[in-house]
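A.B. asks: Structure incoming, see below.
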Amino acid sequence: MCTGRVDMSFIFRAFANGADGVFIGGCRLNECNYTTHGNYHALNMVHLCKKILEYKGINPERLRIEFMSSGEGILFAEFINDFVRKIKSLGPLGKNEGLEDTEIKSRMAEVQKLIPYIKIVKNEKLSSRLDKLEDYRNLYTIDEIEKLFKEAIVYYIDPTKCQACMICARKCPVEAISGGKNRIHVIDQDKCIRCGTCFASCPPRFGAIKKILASEPIPAPIPEEQRTITR
Ligand code: SF4
Ligand code: SF4
């Protein structure tokens, strides 16, 4: 698989499942056979993931990316041996960090849920191509990641304002909004990827969709029997 296809979700899923380390090996930079240069995307994404791991209390050295050609078997072996030595010195996931398995799972689940949102918010930076390798290391800061998580937005439909016009449900890209004719619409927070399309499409005269900070409690959805609008 091209490193450009390695998604952030693969990395956090691996750690959520207890992997002690994740190594990504890609083709040499500037030697991509395609115009896409997916290995640069991977490099950029890995640095974002490292900062998120650090923010979540996991040693970022448990994640590594290295580049080599298919003819450089010795180099590949050296990279792997070095990475294995590093992971052995850190010990099993959580030991070096002082975290229980359940805590790691819960922290990784928090990240996994926000991945679509993170990709939207960091889209510009994630697609940037920098001149020097060192610049990638400084591309994301821990303050920025803290802000990213603390200021993450959740969308909620105010049942007192929804007029069941159905526009938001039609536009939601992941079918996270349930509703129908004369039915107050409700967002399924587990399906929602926080793209903000519903917020932008709800007619201003209704203004039924609200933004809430993810760190704040989300009001419970209105009970089924109270969702019918009588006009
Ligand atoms: S924020 Fe996006 S994904 Fe979530 S409910 Fe609205 S349109 Fe659907
Ligand atoms: S667009 Fe606004 S008013 Fe229309 S169904 Fe969605 S939340 Fe309700």
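A.B. asks: Tell me, what is the percent relative contact order of segment 19-133, built from C-alpha pairs under 8 Å that lie six or more residues apart?
C.D. replies: 32
A.B. asks: Now for a different question. Using only Cα atoms and rounding to the nearest 10 degrees, what angle (0 to 90) does helix 38-55 make with the longest principal axis of the chain?
C.D. replies: That helix lies at roughly 80 degrees to the long axis.
A.B. asks: Which percent, to the nearest 5, of DSSP beta bridges fully inside the chain are antiparallel?
C.D. replies: Of all bridge pairs located within the chain, approximately 65 percent are antiparallel.
A.B. asks: Just to confirm my understanding: which cysteines in the chain have no other cysteine beta carbon less than 4.7 Å from their beta carbon?
C.D. replies: Cys2, Cys27, Cys32, Cys49, Cys162, Cys165, Cys172, Cys192, Cys195, Cys202
A.B. asks: If I histogram all Cα-Cα distances within segment 3-150 using bins 5 Å wide from 0, what percent of pairs lands in each bin?
C.D. replies: With 5 Å bins starting at 0, P(r) equals 2, 9, 19, 21, 21, 16, 9, 3, 1.
A.B. asks: Just add up the charged neighbours of Tyr55: K/R +1, D/E -1, any other residue whose Cβ is under 11 Å from the Cβ of Tyr55.
C.D. replies: Numbers: positive: Lys50, Lys51, Lys56, Arg107, Lys147, Lys150; negative: Glu54, Glu110, Asp143, Glu144, Glu146.
Net of charged neighbours comes to +1.
A.B. asks: Quick one: compute the contact order of the chain, relative version, from alpha carbon pairs under 8 angstrom and 6+ residues apart, as a percent.
C.D. replies: Over the chain, the number comes to 19 percent.
A.B. asks: Mind listing the phi-derived Karplus ³J(HN,Hα) values for segment 218-231, rounded to whole Hz, using 6.51, -1.76 and 1.60 with θ = phi - 60°, and x for any glycine or proline?
C.D. replies: Karplus values, whole Hz, x for Gly and Pro: 8, x, 5, x, 5, x, 3, 5, 9, 8, 7, 9, 9, 9.
A.B. asks: Step through the residues of segment 106-121 one at a time and calculate ³J(HN,Hα) from phi using the Karplus curve (6.51 cos²θ - 1.76 cosθ + 1.60, θ = phi - 60°), rounding each to whole Hz and writing x for Gly and Pro.
C.D. replies: Values per residue, Gly and Pro as x: 5, 5, 5, 5, 4, 5, 4, 5, 8, 4, x, 5, 4, 5, 5, 5 Hz.
A.B. asks: While we're here: State, to one decimal in nm, how far the label point of Lys211 lies from the label point of Leu75, with both points 7 Å from Cα in the Cβ direction.
C.D. replies: If labels sit at Lys211 and Leu75, their model points lie 4.5 nm apart.
A.B. asks: For Thr102, Thr35, what ranking results if the residue with the fewest other Cβ atoms within 10 Å of its Cβ goes first?
C.D. replies: Thr35, Thr102
A.B. asks: For Lys56, give me every one of the lysines with a C-alpha distance below 19 angstrom, ignoring sequence neighbours fewer than eight places off in its own chain.
C.D. replies: Lys95, Lys105, Lys113, Lys119, Lys122, Lys147, Lys150
A.B. asks: Related question: For segment 153-226, what's the relative contact order in percent, using C-alpha pairs closer than 8 Å and at least 6 residues apart?
C.D. replies: About 41 percent, as a whole number.
Coordinate-derived values only; no laboratory data. Remember, predicted model here, so these are calculated numbers, not experimental data. FYI the Cβ positions are ideal-geometry reconstructions off the backbone, even for glycines, and counts take in every protein chain you see.
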